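Please read the structure below before turning to the comments.
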Amino acid sequence: MTEATLLKVGIVGTVIAALCCFTPILVILLGIVGLSALVGWLDFVLFPALAFFIGLTIYALWRRQQHAKV
């Protein structure tokens, strides 16, 4: 993957995971479709996903910086 693609995926994933972690978007959506029993498990999925996408963004920025030095 190129640095630009990694950075885009990292930023989009971070924003989506952050929105789902810190706002009740998924709680409302799961309640609407009748899957509100899954709300208790969201923290086990969303926080690791948020950490992964933040790490991916940092890696893409580091890789872009290393490529710019060469």
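The table below gives the values:
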| read-out | value |
| --- | --- |
| Test: residue in segment 48-63 that is of a type in the set (Gly, Ala, Ser) and at pLDDT below 90 | no |
| Matching residues in segment 1-23 - criterion: being outside any helix (DSSP H, G or I) and touching a helix residue (DSSP H, G or I) at 6+ places or on another chain (Cβ under 9 Å) | Met1 |
| Residue pairs meeting the criteria (Cβ under 7 Å; at least 6 apart or on separate chains; first β-branched (Val, Ile, Thr), in segment 35-63; second at pLDDT below 90) | Val39/Val27; Val39/Leu30 |
| Output for segment 1-11, where each listed residue is surrounded by 12 or more Cβ atoms within 10 Å (Cβ to Cβ) and without any contact (Cβ under 8 Å) to a residue 40 or more places away in the chain | Lys8 |
| Residue check, Val45 on the phi < 0 side of the Ramachandran plot, at pLDDT 85 or above, surrounded by 12 or more Cβ atoms within 10 Å (Cβ to Cβ) and of a type in the set (Val, Ile, Thr) | yes |
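The values are calculated or read from the model by the stated rules, or taken from the named source; none is laboratory data. It should be emphasised that the depicted structure is a prediction, and the values quoted were computed from it without experimental measurement. Virtual Cβ from ideal backbone geometry, glycine too; neighbours counted across all protein chains shown.
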